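Worksheet for the structure shown next.
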Amino acid sequence: MIKIFKILFFLVFSFILINGQAYSQENKIKIGLLIPLTGDNSKLGKQILNSTRLAIKDINSNQIEIYPKDTNSDPNKALQSAIKLEQMGINIVIGPVFYENIIYLDEVKNITFLSLTNKTLQVPKNVVSAGINSTSQLNTIKKFIELNEIKKTIFLIPNLNYDLEIKNGIKDSKIKTHKEYFYDIEPTKLTKQIEKITNYEFRKQNLYDEITRLEKSDDINKEKKIENLKKRYTMGNLDFDSIIIADFKESLKSVVTSLLYTDVSPKEKYFITFNQWFDESLLSETISQPIYYPSINKENLIDFELKFQKQFSQIPNHLSLLSYDLVGLIYYLSIKNELSEINKSFKKKNSFKGKIGIFEIENNKINHRLNFYKVDNGVLKEIF
């Protein structure tokens, strides 16, 4: 009798153990990761992989599993890897990193891809653009313009492959601009275009004419007035209060240099640009200051970088922080929804607070509530 009881106990215990494991496995949050693990961008891919591991450690849940697959920064390889993830029963994937690698992913019907790209146009229906897009940035710039009651804003946009994204961001954010100009990034062409936009030759001639008029006049203070005028480069008002420059790095500096050459000063007109990811070189360009831009929360970025460096002895790329937050976002949505229904969460309105800031999810798109910063006298200051 005791022997039979032992056998029954063993069978029941085994049944519970096996079914418990099966139940646990079914409820695992399986996240695919499409990143470049080989090729020129492999270092970035490995940093993104490490950031997802760091996120799992911080969430402190054994329910999350990451399944990395290589894209080799190639759209065909990305598709092959995505198919393998689909065959594994995975329905949510972080990646690919680059816009060029998403073009074939509409063939993988059962997966929602959270791409790290900031491009939102001509994106497959099963791909969510999770990068810091133009709409997010222009929403933040719009808030600054309204807070400062800036009346006339001109928009300078380079003739590059993201000009349509910016047009879409202008439309989505409903930001009011006085005029929009598209410029050539080649330096000599750029300067001539900026001269035309700022009416430089006319303002320069105004100054010359005023000096000539005073020289011929009987004004008793004309010598002092002429002396003061000769310290200037132009004369006459500009038909705008602020300038939004949708550019980055050296190209941004070229635009600012051309504006300074045409006697447009950031001390008199607001110079606003797009997210510069806290480019340190902007701090030393004091002649170009003050200059303003939207970005993620600086303190959170520093906190993440220190944590990442401590864990992996590397300085992370900013996309690592984005992927870190996406793991938290998926975990948060999986708690609120059935795992099998998580894809639907990206089609309806949701919000989530991560390290970057607040994610706003709606209609297969992620927008970010950003902070706004000012660089002045070599110092970075948070405005809001």
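For S254, the conditions (1) closer than 22 Å to P158 by Cβ; (2) assigned to a loop (DSSP other than H, G, I, E, B) all hold with the exception of (2). Assess whether Q276 counts as being surrounded by 13 or more Cβ atoms within 10 Å (Cβ to Cβ), modelled with pLDDT of 95 or more and more than 27 Å from Y373 (Cα to Cα). Spelling it out, it is not the case that Q276 is surrounded by 13 or more Cβ atoms within 10 Å (Cβ to Cβ), modelled with pLDDT of 95 or more and more than 27 Å from Y373 (Cα to Cα). Each residue in region 46-83 was checked for being part of a helix (DSSP H, G or I) and buried (at least 19 other Cβ atoms within 10 Å of the Cβ), and 12 pass.
Got a sec? Which of Y293, Y332 is modelled with pLDDT of 95 or more and either in the same structural domain as E250 (by TED's automatic domain parsing) or not hydrophobic (A, V, I, L, M, F, W, C) (or both)?
Only one candidate passes the filter, namely Y293.
Scanning region 277-303 for residues that are more than 17 Å from the chain's Cα centre (by Cα) and part of a helix (DSSP H, G or I) gives S281, L282, L283, S284, T286, I287, S288, D303.
One residue is enough: does region 348-365 have a residue meeting the conditions at pLDDT 90 or above and under 23 Å from P36 (Cβ atoms)? Scanning region 348-365 turns up no residue that is at pLDDT 90 or above and under 23 Å from P36 (Cβ atoms).
Taking region 363-380, which residues are under 15 Å from L282 (Cα atoms), among the aliphatic types (A, V, I, L, M) and in contact with a strand residue (DSSP E or B) (Cβ under 9 Å, 6 or more places away or on another chain)? Answer for region 363-380, where residues must be under 15 Å from L282 (Cα atoms), among the aliphatic types (A, V, I, L, M) and in contact with a strand residue (DSSP E or B) (Cβ under 9 Å, 6 or more places away or on another chain): V375, L380.
The combined condition, being aromatic (F, W, Y), out of contact with any helix residue (DSSP H, G or I) (no Cβ under 7 Å at 6 or more places or on another chain) and crowded, with 19+ Cβ neighbours inside 10 Å, is fulfilled by Y200. When region 84-104 is filtered for residues that are more than 23 Å from N343 (Cβ to Cβ) and assigned to a loop (DSSP other than H, G, I, E, B), nothing remains.
The residue of region 128-146 that is surrounded by the fewest Cβ atoms within 10 Å (Cβ to Cβ), among those that are of a type in the set (A, V, I, L, M, F, W, C) and over 17 Å from the mean Cα position of the chain (by Cα), is F144. One residue stands out in region 147-187 among those that are over 19 Å from F240 (Cα atoms) and among the polar types (S, T, N, Q): the one that is surrounded by the fewest Cβ atoms within 10 Å (Cβ to Cβ), namely N161.
In region 356-383, the residue that is farthest from the chain's Cα centre (by Cα) out of those that are of a type in the set (A, V, I, L, M) and crowded, with 18+ Cβ neighbours inside 10 Å is V375. Each residue in region 306-355 was checked for being part of a helix (DSSP H, G or I), over 19 Å from the mean Cα position of the chain (by Cα) and touching a residue at least 40 places away in the same chain (Cβ under 8 Å), and 11 pass.
Taking the stated definitions as given, is T234 assigned to a helix (DSSP H, G or I) and β-branched (V, I, T)?
It is false that T234 is assigned to a helix (DSSP H, G or I) and β-branched (V, I, T).
In the set (1) β-branched (V, I, T); (2) at pLDDT 95 or above; (3) assigned by TED's automatic domain parsing to the domain that holds D241, T117 fails one condition alone, (3).
The values are calculated or read from the model by the stated rules, or taken from the named source; none is laboratory data. Computed from a prediction, not measured in an experiment: that's the story for all the values here. We place every Cβ from the backbone using ideal geometry, glycine too, and count neighbours over all the protein chains shown.
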